[in-house]
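Here's the structure, in structure tokens; my notes come after.
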2 protein chains.
Amino acid sequence: MGLSSRSAVAIHALTMLARWGDHSLTSAEIADSLASNPVLVRRILGSLRDAGLVWSTEGRGGGWSLARAPREITLYDAYTAVEAGPILSRHAHPPSDACAVGRHMQALLEAEFRDAERAMEERLGRTTIAHLLRQVLARERELALQNR
Amino acid sequence: MGLSSRSAVAIHALTMLARWGDHSLTSAEIADSLASNPVLVRRILGSLRDAGLVWSTEGRGGGWSLARAPREITLYDAYTAVEAGPILSRHAHPPSDACAVGRHMQALLEAEFRDAERAMEERLGRTTIAHLLRQVLARERELALQNR
DNA sequence: ATCTACTGCCACTGTCATAGTTACAGTTAG
DNA sequence: CTAACTGTAACTATGACAGTGGCAGTAGAT
């Protein structure tokens, strides 16, 4: 493993909200689809709300809805909303300053790792929730045909 | 944070081995530069050896050396030698099969995440240890000039 | 007014990966 | 035989994470 599964949860939830776009979903409904927990869902959707991707209403009949069109939300948006630190982690301690190599490795690695992370983020930014939803619907149609 | 710092340690060690290419280094020497522990270094260099990037000799006077030219070792080589699983982790549990979205999300995310990870790996594959070493030496020359 | 169904949030648990450390057996040069 | 290494297993401490229960706040339904 590496990172948390929060990105997966976030993208899953966003796609569900896009699928049932006309009405809001509760954290319990989303948790059911994830085979997970409403509190967990609320925590992650809370981050998405802070990032302006969704909004929520309290009280009876409340729930969650998208704050933007699905085609205006990329996987990168979801990813950066819920994931904190860098992917490729740096030295646990700063290396020794007495070593000619150690003196510079931190700065060099920082540059290399940032570039590599940016490449990944750039790729995530190319896929939108709308794109994912389209694939989900296509797969559902296929299933419907097979079960006829 | 995200992943382990093993990649950083591996790249650091490889660069040191390239810098002092004529003779081998002990795990204690490398650990000193990392401000870390010889056992940790041996564990990580062990993975690099399994991947064919370095070799080691036991007994007195033993130590570690590169098994290839520095320009033939990329950061991706080091990364995949020491890092096990995927970066972007998937759902903790498989989602509910009863949900039209949940049924398909795992496969779709798998494809998206693999593409994103590949983009990162591709970027890491573009930088070699030789490139890093060149930068270290350049920075050392600068320092030498300033301290004159 | 009260009930019901939500969000929001805190505190806690169990689990797991990792960094770090100690210990010791095996290997090799002096 | 001794000193200096590698190789490896066992252990600890730390921290991130998923998951859970509890409870205050909010708002529609009756």
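No value in this document is a laboratory result; all are computed from the given coordinates. These numbers come from a predicted model, not from an experiment. Counting neighbours? That spans all protein chains shown, and the Cβs are built from the backbone with ideal geometry, glycine included.
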remark   = Those residues of the range A:29-57 that are touching a Ser or Thr at 6+ places or on another chain (Cβ under 8 Å) and within 19 Å of A:Arg71 (Cα to Cα) come to a total of 5
remark   = Out of (1) within 13 Å of DNA strand C (Cβ to nearest atom); (2) in contact with a Ser or Thr (Cβ under 6 Å, 6 or more places away or on another chain), the one B:Thr26 does not meet is (2)
query = Checking B:Ala92 against (1) assigned to a loop (DSSP other than H, G, I, E, B); (2) more than 11 Å from DNA strand C (Cβ to nearest atom); (3) in contact with a Ser or Thr (Cβ under 8 Å, 6 or more places away or on another chain), which test does it fail?
reply = (2)
Among (1) under 29 Å from A:Pro86 (Cβ atoms); (2) among the hydroxyl-bearing types (Ser, Thr, Tyr); (3) near DNA strand C (Cβ under 10 Å from one of its atoms), the one test that A:Thr15 misses = (3)
ask   = Taking the range A:36-61 on its own, how many of its residues are touching a strand residue (DSSP E or B) at 6+ places or on another chain (Cβ under 9 Å), away from every other protein chain (no Cβ under 14 Å), within 15 Å of DNA strand D (Cβ to nearest atom) and among the hydrophobic types (A, V, I, L, M, F, W, C)?
value = 3
Considering residues of the range A:68-85 that are in contact (Cβ under 8 Å) with a residue 24 or more places away in the chain and loosely packed, with under 15 Cβ neighbours inside 10 Å only, the residue farthest from DNA strand C (Cβ to nearest atom) = A:Arg71
ask   = What about B:Leu109, is it surrounded by 15 or more Cβ atoms within 10 Å (Cβ to Cβ) and out of contact with any Ser or Thr (no Cβ under 7 Å at 6 or more places or on another chain)?
value = yes
Where a residue in the range A:115-129 is more than 7 Å from chain B (Cβ to nearest Cβ) and within 13 Å of B:Leu88 (Cβ to Cβ) and its partner, wherever it lies, is of a type in the set (Phe, Trp, Tyr) and part of a helix (DSSP H, G or I), with Cβ under 6 Å and at least six apart = A:Glu121/A:Tyr76
message = Can you tell me how many residues within the range B:22-35 are within 12 Å of chain A (Cβ to nearest Cβ) and out of contact with any helix residue (DSSP H, G or I) (no Cβ under 7 Å at 6 or more places or on another chain)?
response = 3
